[in-house]
Structure formats: C-alpha cells, structure tokens
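Trainee: Would you mind keeping the following structure in view while I ask a few things?
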Amino acid sequence: MRAGPLSSPKVVKLLNTHFVNVWVLLRELPELQDGAKGAASAMLATKLQEHFVYPVDSLILTPELEFIEHLPTNEFLKSFPGNERKSEYFRWLKSSLAQVDRH
C-alpha cells in the first residue's frame, strides 16, 4: 500500500484532510481494550477488533466510532492491478466520506 495508493499525493491529502489515521498492530488490541491507554483507546480497539480482517485491513469509522466500511488489503491488492490501485483507493475513501456524512 505504501508504494501504491499511499504514495499518491492526492490520496495523502484526502487522508490528512478528512481522516484521523491510526496504525494498530493486531497483537496490541487486547492491551488497548483493557484500557491501558484510556477509555477512548479501549473503545476504538474494541471497534477495530469487531471488524478487522486479518492480516491487514483499512477501516472507516465515524467520529462516534460507528463502523462504516473496511477494505481488506490483501483482497484489494488482488482485485486491482498496480496502475489502478491509487484511483480505486481514492474512490473508496471518497465513497466512505459520503457514507460518514449520511450518519
């Protein structure tokens, strides 16, 4: 993803403007769920655990932590050739934003 969609200035700008981007390792979720980093982190970790698809997944949640959509990375990479990934990931982000706006 870093060499594909996440290397696109257009995608990066959209992410930085409209999303709070976090990277969480699956093995860290139980500790976060136990409240090691506070109640807000525990709520986020629980929501991530509920919707996560192994091994890597992109999830879109509302500010209230309502699940909107996810994009399992391995499936995404298999579905689109390298030259289409940037535009498809951008399209997915825009579509997710529209869904967030409806909530």
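Trainee: Provide the FRET efficiency to the nearest 0.05 for the A39-T73 pair, computing r from the beta carbons and using R0 = 30 Å.
Mentor: Approximately 0.55, to the nearest 0.05.
Trainee: What does the C-alpha gyration tensor say about the overall shape of the range 22-103? Classify as rounded when a/c is under 1.5, otherwise prolate if a/b is larger than b/c, or oblate.
Mentor: The shape class here is oblate.
Trainee: Compute the FRET efficiency between S87 and W23 as 1/(1 + (r/R0)^6), taking r as their Cβ-Cβ distance and R0 = 22 Å, and round to the nearest 0.05.
Mentor: Efficiency for this residue pair is about 0.40.
Trainee: Here's something else I'd like to know. Using the heavy atoms of the protein chains and a 1.4 angstrom probe, tell me the accessible area per residue for the chain in square angstrom.
Mentor: Per-residue accessible area for the chain comes out at 67 Å².
Trainee: In addition: If the only charges are +1 at each Lys and Arg Cβ and -1 at each Asp and Glu Cβ, what is the size of the charge dipole of the chain around the Cα centre, to the nearest 20 debye? Walk me through the numbers on the way to the answer.
Mentor: Numbers: 12 positive and 12 negative charges, 110 e Å.
That gives a dipole near 520 debye.
Trainee: Can you pull the one-decimal nm distance between simple spin-label points at F80 and L97, each 7 Å off the Cα toward Cβ?
Mentor: Using points 7 Å along Cα→Cβ, the separation is 1.5 nm.
Trainee: Would you compute, from DSSP H runs of 4+ residues alone, the mean residue ellipticity of the chain at 222 nm, taking -39500 (n - 2.57) per run and dividing by the full residue count, rounded to the nearest 500?
Mentor: Rounded to the nearest 500, the figure is -15500 deg cm²/dmol.
Trainee: Okay, next question. Heavy atoms only, probe 1.4 Å: what % of the accessible area of the chain goes to carbon and sulfur, would you let me know? Walk me through the numbers before you get to the answer.
Mentor: Working: 3660 of 6890 Å².
Result for the chain: 53 percent of the exposed heavy-atom area is carbon or sulfur.
The values are calculated or read from the model by the stated rules, or taken from the named source; none is laboratory data. Remember, it's a predicted structure, so these values are computed and weren't measured experimentally. Positions of Cβ are backbone-derived with ideal geometry, glycine not excepted, and every protein chain shown enters the neighbour counts. SASA here: full protein model, heavy atoms, side chains in, ligands and nucleic acids out. Shrake-Rupley method; radii C 1.70, N 1.55, O 1.52, S 1.80 Å.
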